[in-house]
Structure formats: structure tokens, C-alpha cells
1. Between E115, E122, which is more than 24 Å from the chain's Cα centre (by Cα) and closer than 30 Å to D259 by Cβ?
2. Does V353 satisfy being over 30 Å from A126 (Cα atoms), modelled with pLDDT under 95 and in contact with a strand residue (DSSP E or B) (Cβ under 7 Å, 6 or more places away or on another chain)?
3. Hey, can you tell me all the residues within the stretch 89-129 that are in a loop (DSSP other than H, G, I, E, B) and of a type outside the set (A, V, I, L, M, F, W, C)?
4. Among the residues of the stretch 191-205, count how many are surrounded by 24 or more Cβ atoms within 10 Å (Cβ to Cβ) and within 9 Å of the ligand (Cβ to nearest atom).
5. Check off (1) over 31 Å from the mean Cα position of the chain (by Cα); (2) more than 24 Å from E192 (Cβ to Cβ) for N26 and give me the number that stays unchecked.
6. Within the stretch 126-152, restricting attention to residues that are open to solvent by less than 10 Å² (accessible area, probe 1.4 Å) and more than 16 Å from the ligand (Cβ to nearest atom), which residue is farthest from the chain's Cα centre (by Cα)?
7. So if I check each of G371, G333, which one is on the phi > 0 side of the Ramachandran plot and modelled with pLDDT under 95?
Amino acid sequence: MANKKIKIGLVGFGTVGVGVCKILQNQADLIAKRSGVEFEVVKVAMRDTAKERDITLPAGAATTDWQDVVNHPEVEFVVELMGGTDTAYEVVASALKLGKPVITGNKALLAERGEEIFALSEQHQAPVYFEASVAGGIPIIKSLREAFVSNSVVNLAGIINGTCNYILERMTDAGLSYQDALKEAMELGYAEADPTLDINGWDAGHKAILLGAISYGFLPDPEKTYVSGIEQVQLSDIELANKLGYAIKLISVVKPASDKTIEIRTQASFVPQTHLLAKVDGVFNAVAMQGDEVGDSFIYGRGAGAGPTATAVIADLVDAAGSAAGFLPYNAGSYTVADIDETETAYFVSLAVKDEPGVMAQITSHFSEQGISFSGTFSNVDPSSPDAAMNSVSFITHKAKLGTLKRTIKGLESLDCVTSTPTFYRVESFDS
Ligand code: HSE
């Protein structure tokens, strides 16, 4: 049978856009043999057509106007890789209104404006594909939608921001400063154009929203999800965590909190060093998924960069060519996002304290008044100088609601013997 020929247009020609064109050129035979489809890039919109790039496009393909791509009569599929949520929305919405399938890597756009986009997709019968938007080269969306179609997701936890994972590792292993590690991640093309989104947790937060959508069939309200980043992580926190048998990782958790609510949160957490997620280093991403039938599954791979992300874009192009259905919110109205203060984990809590009699008793009785008990307590005992002042104390608690922990911490702050704002991390157990 003759190959199907599909003409595509690209909006955005940065690291990933160039990667898509290169793979389409270099692997054209393989893609055609495996999928029966030949893709031809006919129009590419970019900010600066004069910029030197390590690729040659067909004559007349380059433009600075996205409308030249979307409205081009020969362009059948539109690939949006420009980022941002304003112009990118116009690009995607215009393509869908023309009935053109859209392939995008834009997690912020889908997480923030998914409701409008999926409504247009349904109205105009034009699917939206977004494998590249979550965890780069890991086929997590395909796995959840296809391989695990028969399973309910009981628990999902992942490292889904390569930049933060890279920074945490370089700070720990190479002793780099936070700024130098971030600079490296930017030079390697891992970070977003605006790296604030990586560091403050929102890049992973947006991806967690999409994983929630795919897993539970509703569009989570971003404002109800919980997101914090790695800005507050100190090297001393990482060292202490390691001493206690944990790694600090930016973890996103998506799992049912009740019959009607889904817990969706991203934060720097303590991860037991025995868990596979603790072993995920550098730009690598991983998702640990527990399904009610399949049990535990673990998917690992490169989460950012040209090759992995472009690979995901091309998988979506092939899906679109086969007219596989895009995402539709089949559970709209059935779920909302769980109140973060009602979610439960264990916690690591660290306090700076005065070295005086009765300090431990005051602190522990304050925890027990709130119904929080401990699985361990640690203070800075140095065996070579047992007379040194005790100026900090740390605890690992049993599971408690975040709201209760926050109240406890507020109370601790007002104790005279506590000399700084307590810090805390969730200790993840990855159970349902
Ligand atoms: N900035 C993102 C990351 C790129 O570091 O994971 C891939 O989405």
C-alpha cells in the first residue's frame, strides 16, 4: 500500500522545533516503514528567520508570521512549540477552528486554558495531542491512555521537571551553587524560556494537572492545585536528608483523596533512598504509577532536551495521522481538586532552638496536643564534643493532615525556646 503523505506546519523553531525537523529528515525512512506515513514540513514560523541554525528548511518554508503556517492551505497538522499562553492560544484555537489537528508541547497552555481548547477541539472535531508536554521522551500520556486504559490510577508520583532534578543533583554531587547549576541547565536547553517556571515548581505543576486530566478525565482547576518549587531548598537540607536515608526531589503527586476529589500537588519532598524515584538523577524524569489491575509500573527517561521531546512530538504526529481520538474530559463535573490542607503525609520538621532545660518537652507536647506523633527525632549531637550546645532539633512525624501540621508549626513559632521559623518537607511513602 502506498504511504500516506501529510503536510505539516510548525510554529516555534527553538530547540524542540529544530529537533522535530531533524528527526523527520534523518528518520524519514524508518517512520514511513513503521507507520506508513511520510511527513513533509511545508511552513515554519520563527522569531528570526536570519538566525543560524543547524538545519536546512525547504525554500520558502520560513516565516515570522504564525498565521502563514496555520492558514496555509496545504498545512494539514499544526505543531505548536512556541510556548507561552497568549499567542500560543491564538495559534492553537485558530488551527482547531479550521479543523486542523494540533500537536503541542505546551503544558502551561493546556493546564491554564484547557477548558477552552478541548471545547474547540470537540466542536471542530480536531484532536489535540500533547505527549511532548509531559516528561519529554517518556511516553506517559500514551501509557495512561492506551496501555493502562483498563486500570484506575490508584497512585501516581513523578519527577517531571528535568531542570529542578538536574539542579538538585549538581548542587549535591558537584557542590555547584544554585545559580551555576541553573545556568548549566539553561545552556543544555533543559530549562523553559522563562526558567522561573521550572524553579517555582509550576512547570511540573502544569504537567501534574495534565496527568490528573488524563488519569481521571476531568480538567483540574490550576488554582486549587498545590505547587511549590526548589527555591527554598538549602544544601544543608539535602545533606541532612541524605544522612537520614532520604533524597530531596521535586515530586508531583496525583491520586484520589476521596470519591470526589483528586490530590494534585508538587513540592520538594523527602524520598526514601530505597525508592526508585530517589535514584532518578540529572535531567531524567520518572513516573511511578500504581494501577488497580496492573499494580506498580515505573517509567523512566529523559524529561527535556531536543531529542526526547521531539520524539514525543513525532509519536503524536503518527497518532494524528491514524486519526486516533484526542483527549476529551469524560468525567467533567465528577471530580474536583482535593483541598491541600486535608491531604496527609508524614513530615520532616526542623527547628532552631535554645539550648535550655525542658525544650524537647515543650516542643513534643505541642505536637501531641495537635495529635501528631513521631517516628523519629534527631538533634545535632557531635560525639567528639558532647558538651556543644544543642541549637537545632528535627523530627519525622507519623502521617498528619497538612492543615494540622501548619497549625502546629504556627504554635511552635510562638514558643520562646524556638528561635527560627521551622522548616518542613513532606516525607513521601508513595502509597494510595
Ligand atoms: N523545562 C522543562 C524541564 C522542559 O526541565 O523538565 C521539559 O518540559
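The values are calculated or read from the model by the stated rules, or taken from the named source; none is laboratory data. Because the structure is predicted, anything quoted here is derived from the model rather than measured. As a convention, Cβ positions derive from the backbone with ideal geometry for all residues, glycine included, and neighbour counts pool all protein chains shown. Ligands, DNA and RNA are stripped out before the accessible areas are found, and what is left, the full protein with its side chains, is counted by its heavy atoms. Shrake-Rupley method; radii C 1.70, N 1.55, O 1.52, S 1.80 Å.
1. E122
2. Here the answer is yes, as V353 does meet what is asked.
3. G99, K100, P101, G105, N106, H124, Q125, P127
4. 4
5. Looking at each condition in turn, N26 falls short on (1).
6. The residue in question is A126.
7. Sole residue among the options that is on the phi > 0 side of the Ramachandran plot and modelled with pLDDT under 95: G333.
Okay, residues lined up against (1) within 25 Å of A174 (Cβ to Cβ); (2) away from the ligand (no atom under 16 Å from the Cβ); (3) surrounded by fewer than 18 Cβ atoms within 10 Å (Cβ to Cβ); (4) at pLDDT below 95:
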{"residue": "I209", "(1), (2), (3), (4)": "no, no, no, no"}
{"residue": "S215", "(1), (2), (3), (4)": "no, yes, no, no"}
{"residue": "E223", "(1), (2), (3), (4)": "no, yes, yes, no"}
{"residue": "S228", "(1), (2), (3), (4)": "yes, yes, yes, no"}
{"residue": "A241", "(1), (2), (3), (4)": "yes, yes, no, yes"}
{"residue": "A268", "(1), (2), (3), (4)": "yes, no, no, no"}
{"residue": "M289", "(1), (2), (3), (4)": "no, yes, no, no"}
